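The values are calculated or read from the model by the stated rules, or taken from the named source; none is laboratory data. Since the model is a prediction, treat every value here as computed from it, not as a measurement. Neighbour counts are summed over all protein chains in view; Cβ atoms, including those assigned to glycine, are modelled from backbone coordinates with ideal geometry. Accessible surface is based on the protein model in full, side chains and every heavy atom, while ligands, DNA and RNA are left aside. Shrake-Rupley method; radii C 1.70, N 1.55, O 1.52, S 1.80 Å.
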Amino acid sequence: MQAIEDDPIEVRRNKRQALIDAGKNPYGHAFAYSHHIDELIDLYAELEDGATTEDEVRIAGRVMAKRVQGKVSFLELRDATATIQLFCRINTIGEEAYAELKDLDVGDWISACGVMMRTKRGQLSVAVEAFELLSKSLRPLPEKFHGLADKEIRYRQRYVDLIANPEVKITFEKRFKIVSAIRRYMEDELGYFEVETPFLQSIMGGANARPFVTHLNALDRDYYLRIATELPLKRLLVGGFERVYELGRIFRNEGMDQTHNPEFTTMEAYCAYSDLEGMMELAEGVIQAAAMAACGTLQVPYQGTMINLEGPWPRKTMIEMATEGAGEDVSFDRSLDDLRAIAKRVGVEVEEPWGKGKLISEIFEETCESKLIQPIFITDHPLEISPLAKKKPEDPNLTDRFELYICGHEYANAFNELNDPVDQAERFHAQVAAKDYDDEAMGYDADYIRALEYGMPPAGGIGIGIDRLVMLLTDSDSIRDVLLFPLMKDEAPTAKSAGTPASADAVAASDQAVFVPIEGAPLISDEPIDYSNVVIEPLFEDSVDFETFSKSDFRVVKVLACEAVPKSKKLLQFTLDDGTDAPRTILSGIRAYYEPEELVGRTCIAITNLPPRKMMGIDSCGMLISAVHEEKGEERLHLLMVDPHIPAGAKLY
């Protein structure tokens, strides 16, 4: 019996069953409320302390708190708009109903009918005359969310996050306003039609990205989930639509980090007879409309920096910026070897097949991108990286294309759209040839070429990242904070201590999602390991003398921050507390095994007295320790993590 009483879920299940046995439905029925709570707060804002009205109201919501004081009880009820106190007296609702009220749990949904009053202490309340249980909650709500583990639960169990953290609900209400404002601006102000294009595509195109592949049983063939909506939308220009846009989901089979999720939302728009100037005006208008809807101002704070969204926004060419960033001329006048040398000097991992255009782009991104804080259009992108944009008439190495940068990130990408079918076919062929070394290159879309052969009018086109825009306008530093249900790695159950009473917080988080690294979690697991498939490196035959070994300074470090290194598919950049006053930066090539956010707050081991080593232009001051083995022919890696109670800077012996 004691074990049951100590298990909050079991106690609530017993209450549910007792209601059913008594012929009562613990999961209610429809209820016609008379007001939302925020309406009552406004209507009775002037009600005096101690005053009672005869105004009857009917409200419903979730019980967020309960205090029983003899023959009087106070409940805190929250609906979709606000919270109000319920004042419940045994003399008013009767002994039987009062006993049922005392049996309610925090988290239960109820309806309440009564009259408006304000207590002598000034608390606006509903004096309850009757109530009804609408839905029995079987899991207790956590008291609060804090720390790394709770942040992971928040993303996985967004439904609990929305209950426990009202500010999260505000973030998503702003997101809804932003999306609505964009639609109104596009349709009411600019006269665009919103259209729908296929999610399943037989050829991947419209962007350079790795796709998701699925199999359609009816046709017994593979299809791609769309990586862009560009090519179907431009087919509609061929068909005679003049202004079209689509606001919807895109899927790219790429990494997850603070600003990237494999499924995300974009708006792409195409306008016949327009050009880059028209797309710049559209970008400014859309973002300003979204800012006014969400924030009521064009002066928007983001992570401690005030961003001025008032236009017009400045514009510079990519070559101008790359030259400024590199400190020397970066242009097509330089030799390929010169550009490679500059790229390596500024920290770019140069790949052999890259031409001048790709090198110029990489130099720009490495030296300039992170410094572009206020809105700016970067124009004149190299042809090599712009397979769907028109060439500049005065320089065939460049295209009529811009990217909009804010806070060091790209927010929009726009072209003067290529409408020459012969030129487009040649660029598709070049993309196909690039697949030998670039798994993100596009395929050859013969149907799109056929569409262009019927004639597409000159047009401007633009794509705007909605999730990143929402991050900006809600001051959110992670894309997961603006996605209701962000993609997460598979969850694994946490071990439960047999016979140990569970606290409310522990029960609320039980069976919770645990962030599991791709190749397994640093947690104790009951899953058996087939050691016959495990291969480890042979032990070194050479010995190292103790004096040499003892010079290696192994220290416990705490992960303060972790992020993917831009333009690197392997590296994570760690900011570490090593017990000194200065944070330590270490880069580690473990991106294939861990997502950056899951490592924040972890306690790890590092060698701290290695000389700084420059990686991707960043000094890496030490080395994090990992365990590596091979299993079924694949490498497995586990970052060594230790008891979080060990303080930062503790030395290993």
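In summary, strands (runs of 3 or more DSSP E) completely within the stretch 78-158 and bearing 2 or more residues that are among the acidic types (Asp, Glu), farther than 30 Å from Gly601 by Cα and modelled with pLDDT of 95 or more occur at 124-135. Among the residues of the stretch 607-633, those identified as in contact (Cβ under 8 Å) with a residue 40 or more places away in the chain, part of a strand (DSSP E or B) and either of a type in the set (D, E, K, R) or more than 17 Å from Glu563 (Cβ to Cβ) (or both) are Ile607, Lys614, Val628, His629, Glu630, Glu631. Flag: Asp161 matches the condition of being acidic (Asp, Glu) and either modelled with pLDDT of 95 or more or open to solvent by less than 30 Å² (accessible area, probe 1.4 Å) (or both). Only one entry in Glu320, Glu324, Glu310 is open to solvent by 60 Å² or more (accessible area, probe 1.4 Å), over 22 Å from the mean Cα position of the chain (by Cα) and either over 29 Å from Leu383 (Cβ atoms) or basic (Lys, Arg) (or both), namely Glu310.
Taking the stretch 644-653 on its own, how many of its residues are part of a loop (DSSP other than H, G, I, E, B) and modelled with pLDDT of 90 or more? First the steps, then the outcome.
Initially, the stretch 644-653 is screened for residues part of a loop (DSSP other than H, G, I, E, B), giving 644-650, 652-653.
The next check asks that each one be modelled with pLDDT of 90 or more; those that pass are 646-650, 652.
Count: 6.
Give the residue, chosen from Leu216, Leu231, that is open to solvent by less than 30 Å² (accessible area, probe 1.4 Å) and either among the aliphatic types (A, V, I, L, M) or in contact with a strand residue (DSSP E or B) (Cβ under 7 Å, 6 or more places away or on another chain) (or both).
Numbers: Leu216 fails: open to solvent by less than 30 Å² (accessible area, probe 1.4 Å).
Only one candidate passes the filter, namely Leu231.
For the stretch 74-107, the set of residues classified as out of contact with any helix residue (DSSP H, G or I) (no Cβ under 6 Å at 6 or more places or on another chain), of a type in the set (A, V, I, L, M, F, W, C) and closer than 30 Å to Glu173 by Cβ consists of Phe74, Leu75, Leu77, Ala80, Leu86, Phe87, Leu104, Val106, listed by residue number.
Of the residues making up the stretch 446-489, those that are within 18 Å of Ala389 (Cα to Cα), in contact with a strand residue (DSSP E or B) (Cβ under 7 Å, 6 or more places away or on another chain) and open to solvent by less than 10 Å² (accessible area, probe 1.4 Å) are Ala459, Gly460, Gly461, Ile462, Ile464.
Within the stretch 55-102, track down each residue that is open to solvent by 60 Å² or more (accessible area, probe 1.4 Å), in contact with a strand residue (DSSP E or B) (Cβ under 9 Å, 6 or more places away or on another chain), within 22 Å of Asn25 (Cα to Cα) and among the acidic types (Asp, Glu). Once the filter is applied, which keeps residues that are open to solvent by 60 Å² or more (accessible area, probe 1.4 Å), in contact with a strand residue (DSSP E or B) (Cβ under 9 Å, 6 or more places away or on another chain), within 22 Å of Asn25 (Cα to Cα) and among the acidic types (Asp, Glu), the stretch 55-102 yields only Glu100. No other residue among Met186, Met267, Met204 is surrounded by 20 or more Cβ atoms within 10 Å (Cβ to Cβ), assigned to a loop (DSSP other than H, G, I, E, B), at negative phi and under 28 Å from the mean Cα position of the chain (by Cα) apart from Met204.
Hey, any hits in the stretch 208-228 for a residue that's under 18 Å from Asn419 (Cβ atoms) and touching a Leu at 6+ places or on another chain (Cβ under 9 Å)? Within the stretch 208-228, none of the residues are under 18 Å from Asn419 (Cβ atoms) and touching a Leu at 6+ places or on another chain (Cβ under 9 Å). Screening the candidates Ile385, Ile406 for the property of being buried (at least 18 other Cβ atoms within 10 Å of the Cβ), among the hydrophobic types (A, V, I, L, M, F, W, C), within 27 Å of the chain's Cα centre (by Cα) and modelled with pLDDT under 95 yields one hit, Ile385. Within the stretch 384-426, being more than 27 Å from Gln374 (Cα to Cα) and among the β-branched types (Val, Ile, Thr) holds for one residue alone: Val422.
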